[in-house]
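This report refers to the structure that appears directly beneath it.
The values are calculated or read from the model by the stated rules, or taken from the named source; none is laboratory data. Remember, predicted model here, so these are calculated numbers, not experimental data. Methodologically, a virtual Cβ is constructed for each residue, glycine included, from the backbone with ideal geometry; neighbour enumeration extends over all protein chains shown.
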Amino acid sequence: MQKTSLLLCLSFVCASSQAATLYHQSSECTHDANQKPVNVYSLYTDISGKPAKTIEEEAKLRMLGKIQAKMAETGSDYVIKHVSFRYDEDQFVNSYVSILPVKSCENGIVINEKYAHRLHSRIINFESNLALDTTTTLKFRSQPHAVSPLSIKNTNVTHNMPFGIALGSHFDSAQKNVGRFSALWPVNDTIKIAFLGRDNAFIFQNDKLTGYQYSRSLLPIDLRNRVELISEQPSFHFVHNDQSQTVQKFIDRQQQASLEKYFNEVQSVNIKVSDDLIRSQLEGLTIGDKLEKSVVVNQMPCFTGQTNIDEFVSKHHSSLLKLIGFNNKVSYITGCSQSIELHHSGKVSSIELFEPISQTNGALYNLNSLLATIQNWSYSDIHYGDNQSVLKQFKTTTKGNGVIEVDSQNWFGIFNVYDQTVASATLYPKAIR
């Protein structure tokens, strides 16, 4: 299949001459009430491997170029009202500047290519506790969605007590026992599945633990890679030849026979560990109840792009599949193949529109029924599988390797196109306020 790409972006710095002047916010200016304020956004993604100082300088030059282009449209002078540069984990710098039209300025401090550093709101890493929203005001942003560390006290799994959590335990008690879960899937109004790492699933009915499933391939790869890895691995306890036994990975035939007396659905697979040695590896087992095929699975809400995305998450988060990823951030999977990631402040940092999840290579019981409720994505009148021509409504720049970077009123984004059809995307809010 031939893969093509489009990249939506603007030139790094506006090279055209500038008649209008941009002033620093400390300048004494008379505002022009006959003209409207202007908001300018910029997304700078070419930062991989660059030192922080270079990233900051280049991000400010890029933003300045966009400001100059806006000013050239009116020919008026402007003064900075608000400026924010935000840096997210070596991925991008998301910039927002608001400027006011002015009639004149006394003792004006000019900002141009030579003095681009005067756009001096610091670039803030979202991992920091401190966020500078303007050059004149410090705001300490709380981190209500910062992920707490795991505190798994017991990794033992017996026939009625996985990770030290007895069957029948309340959800809150179970969660306290491990600190937190790695993922939470609300199946319906009475059933939810909590995951610990990628290999352990706990089934709760009416907030009571009724079942547990272990598998080295619990989730399909598309979902599996979205869940954090944990170092704590289960130790399975049983009696073999009248002696207490513990296994984690490898078992022999006699041990498997004993395991099957204490656990359900015991599965193993032979693997070659050396040129002359093949061993049996424990692949999966269950305790208690499984998720029945007759279970009714709720359709999770979808984000349409027509409302505020932060309000959507606040309203619907308990009905969405919650994941904690390898980057220690919370994300929510919607019912329309969308993954919404949050900063630790609770604000949305990005929304990913992903391709359909394969129902193969996942051992979670009744996985097909769970995935069947997740529809193909749609967003702001763009749908999975649309012809790439639908993106012409945005500012676009074509690049190679199947990438499209979008520029709309409220967000920047990167689309992937295969055989001239839109397949997936990652979108970033232009400003987080």
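Contact annotation: residue pairs with Cβ atoms under 7 Å, 6 or more positions apart or on different chains, pairing a residue in region 254-277 that is assigned by TED's automatic domain parsing to the domain that holds Met161 with a partner that is part of a helix (DSSP H, G or I), are Val266/Gln256; Val266/Leu259; Val266/Glu260; Ser268/Gln256. Residue-level check: of (1) surrounded by fewer than 21 Cβ atoms within 10 Å (Cβ to Cβ); (2) out of contact with any Lys or Arg (no Cβ under 6 Å at 6 or more places or on another chain); (3) at pLDDT 75 or above; (4) β-branched (Val, Ile, Thr), Thr4 misses just (3). Checked across region 69-83, the condition of being within 23 Å of Ala20 (Cβ to Cβ) and at pLDDT below 80 holds for at least one residue. Ala52 fulfils the conditions (1) among the hydrophobic types (A, V, I, L, M, F, W, C); (2) in contact with a strand residue (DSSP E or B) (Cβ under 7 Å, 6 or more places away or on another chain); (3) under 22 Å from His343 (Cβ atoms) except for a single criterion, (2).
Mind checking which helices (runs of 4 or more DSSP H) fall wholly inside region 167-262 and carry at least 2 residues that are out of contact with any Lys or Arg (no Cβ under 8 Å at 6 or more places or on another chain), closer than 22 Å to Pro149 by Cβ and basic (Lys, Arg)?
Numbers: elements: 171-178, 221-224, 253-262.
In region 167-262, no matching helices (runs of 4 or more DSSP H) lie anywhere.
Condition check ((1) over 30 Å from Asp289 (Cβ atoms); (2) in a strand (DSSP E or B); (3) at pLDDT 90 or above) across all residues:
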residue: Ile340; (1), (2), (3): yes, yes, yes
residue: Ala363; (1), (2), (3): no, no, yes
residue: Leu370; (1), (2), (3): no, no, yes
residue: Lys392; (1), (2), (3): yes, no, no
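All of Val406, Val313, Val348 fail the test of being farther than 23 Å from Phe202 by Cβ, surrounded by 16 or more Cβ atoms within 10 Å (Cβ to Cβ), free of Cβ contacts under 8 Å to residues at least 40 places away in the same chain and of a type outside the set (Phe, Trp, Tyr), apart from Val313.
Of all residues in region 266-310, those satisfying the criterion of being surrounded by 10 or more Cβ atoms within 10 Å (Cβ to Cβ), outside any loop (DSSP other than H, G, I, E, B) and of a type in the set (D, E, K, R) are Arg279, Glu283, Asp310.
For (1) touching a Pro at 6+ places or on another chain (Cβ under 9 Å); (2) modelled with pLDDT of 90 or more; (3) under 16 Å from Val157 (Cβ atoms), each residue gets a yes or a no:
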{"site": "Ala201", "(1), (2), (3)": "no, yes, yes"}
{"site": "Arg216", "(1), (2), (3)": "no, yes, yes"}
{"site": "Val227", "(1), (2), (3)": "no, yes, no"}
{"site": "Gln233", "(1), (2), (3)": "no, yes, yes"}
{"site": "Arg253", "(1), (2), (3)": "no, no, no"}
{"site": "Lys261", "(1), (2), (3)": "no, yes, yes"}
{"site": "Val273", "(1), (2), (3)": "no, no, no"}
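Out of region 342-361, which residues are assigned to a loop (DSSP other than H, G, I, E, B) and over 20 Å from Ala372 (Cα atoms)? His343, His344, Ser345, Gly346, Lys347 - these are the residues of region 342-361 that are assigned to a loop (DSSP other than H, G, I, E, B) and over 20 Å from Ala372 (Cα atoms).
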